[in-house]
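For reference, the structure is listed below as structure tokens.
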Amino acid sequence: MTTIAFTKMHGLGNDFVVIDAINQTINLNPKQIRFLADRHFGIGFDQLLLVETSHPDSSADFKYRIFNADGSEVSQCGNGARCFAHFIRRQKLSLKDDILVDTHAGQLLLSFSQNDLISVNMGIPKHDPAHIPLATSSPQSSQYSVTIDTIEWSFSAVSIGNPHAVIVIDDIKTAPVNTLGKILESHPVFPERANIGFMQIIKPNHIKLRVFERGSGETLACGSGACAAVICGIERDMLEKEVRVELPGGELKIHWQGRNTPVFMTGSATPVFNGTISL
């Protein structure tokens, strides 16, 4: 039996278990991750984050790995990135103000700003359907469509290191997040599944958003989903370049200058408790 030290954290209610895999040996399989994610028998989380040593040839300070509650490994998580940075500083693994990390989707720059907020350079979005990926014969577009039970739904799609679809709706309260979101998340149009966002535009600089996350279901906040929603809104000339995103768990600020430029996300990260668990 192995005992693992961990920290429970959240970014606007999107909750994580963060594990230092540098100073303890961690070899978790999907079954063990699903057990840890169980909110009744394990610890409970939306995603598990591992802090690892970066490859010797890499310029990064750390490697950032992300696992969904279903045990699958993914490439990106914006809220998790802020918690990752906060954990590194709290554990004194690094005292830098700017931390460069490797992910399966590329490198991220995590920066500490005023009022204990953390800004994340989420990289340059990908719009090409082949790179999202999106299974379509249509050329690259600001909108696509899919038919579910004879109803045609229009959506925008983009990759922020992970695939996202964004649907504009009139009322966030009645958005079919847990019905349509669940169907679209694993629809064949998304070969690697996708995060499904439902966006209500309040003003050109203010939106409300709910997200059905791939492998986790609806969460209180999704950082990469907030980035995707703003990017898709800007692409459709519906939003300004800096937008306040209101999620069920709190607010994020998203800034994007347009094509071929990185998107920036700024928000908080909160530690909840430290603990150990035996597997």
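The values are calculated or read from the model by the stated rules, or taken from the named source; none is laboratory data. The model shown is predicted, which means the values in this text are computed figures rather than measured ones. So basically every Cβ, Gly included, is an ideal-geometry build from the backbone, and we count neighbours across all protein chains shown.
Some notes on this structure:
- Where strands (runs of 3 or more DSSP E) sit wholly within segment 117-206, those with at least 1 residues that are under 15 Å from the mean Cα position of the chain (by Cα) occupy 118-121, 151-159, 163-168, 195-203.
Let's see how each residue does on (1) closer than 18 Å to Ile169 by Cβ; (2) of a type in the set (Phe, Trp, Tyr); (3) in contact with a His (Cβ under 7 Å, 6 or more places away or on another chain):
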{"position": "Lys203", "(1), (2), (3)": "yes, no, no"}
{"position": "Leu209", "(1), (2), (3)": "yes, no, no"}
{"position": "Gly223", "(1), (2), (3)": "no, no, no"}
{"position": "Ile231", "(1), (2), (3)": "yes, no, no"}
{"position": "Glu242", "(1), (2), (3)": "no, no, yes"}
{"position": "Gly249", "(1), (2), (3)": "no, no, no"}
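- For Leu95, the criteria (1) more than 21 Å from Arg214 (Cα to Cα); (2) without any contact (Cβ under 8 Å) to a residue 60 or more places away in the chain; (3) surrounded by 15 or more Cβ atoms within 10 Å (Cβ to Cβ) hold in every case but one, which is (3).
- Residue in segment 239-250 that is touching a helix residue (DSSP H, G or I) at 6+ places or on another chain (Cβ under 6 Å) and touching a residue at least 60 places away in the same chain (Cβ under 8 Å) present: no
- Residue list for segment 129-151, restricted to those being surrounded by 15 or more Cβ atoms within 10 Å (Cβ to Cβ), hydrophobic (A, V, I, L, M, F, W, C) and either more than 17 Å from Pro188 (Cβ to Cβ) or touching a Pro at 6+ places or on another chain (Cβ under 9 Å) (or both): Ile132, Leu134
- Inspection of segment 68-77 finds no residue satisfying the criterion of being surrounded by fewer than 22 Cβ atoms within 10 Å (Cβ to Cβ), among the hydroxyl-bearing types (Ser, Thr, Tyr), farther than 16 Å from Ile277 by Cβ and over 17 Å from the mean Cα position of the chain (by Cα).
- Members of segment 217-235 that are part of a helix (DSSP H, G or I), over 12 Å from the mean Cα position of the chain (by Cα) and of a type outside the set (A, V, I, L, M, F, W, C): Gly233, Glu235
- Of the residues Ser75, Ser58, the single one that is out of contact with any His (no Cβ under 6 Å at 6 or more places or on another chain) and in contact (Cβ under 8 Å) with a residue 24 or more places away in the chain is Ser58.
- For segment 110-128, the candidate set comprises residues that are farther than 23 Å from Pro163 by Cβ and out of contact with any His (no Cβ under 7 Å at 6 or more places or on another chain); within that set, the residue that is surrounded by the most Cβ atoms within 10 Å (Cβ to Cβ) is Ser119.
- Cross-chain or 6+ apart pairs with Cβ under 8 Å, segment 190-217 first and in the same structural domain as Ile167 (by TED's automatic domain parsing) and at pLDDT 95 or above, then part of a strand (DSSP E or B) and basic (Lys, Arg): Gly197/Arg210; Phe198/Arg210; Met199/Lys208; Gln200/Lys208; Ile202/Lys208; Asn205/Arg244; His206/Arg244; Ile207/Arg244
- Considering the conditions (1) in a strand (DSSP E or B); (2) modelled with pLDDT of 95 or more, Gln107 is excluded by exactly one of them, (2).
- Taking the criterion of being of a type outside the set (S, T, N, Q), surrounded by 24 or more Cβ atoms within 10 Å (Cβ to Cβ) and within 18 Å of Ala69 (Cβ to Cβ), the residues of segment 215-241 that qualify are Ala221, Cys222, Gly223, Gly225.
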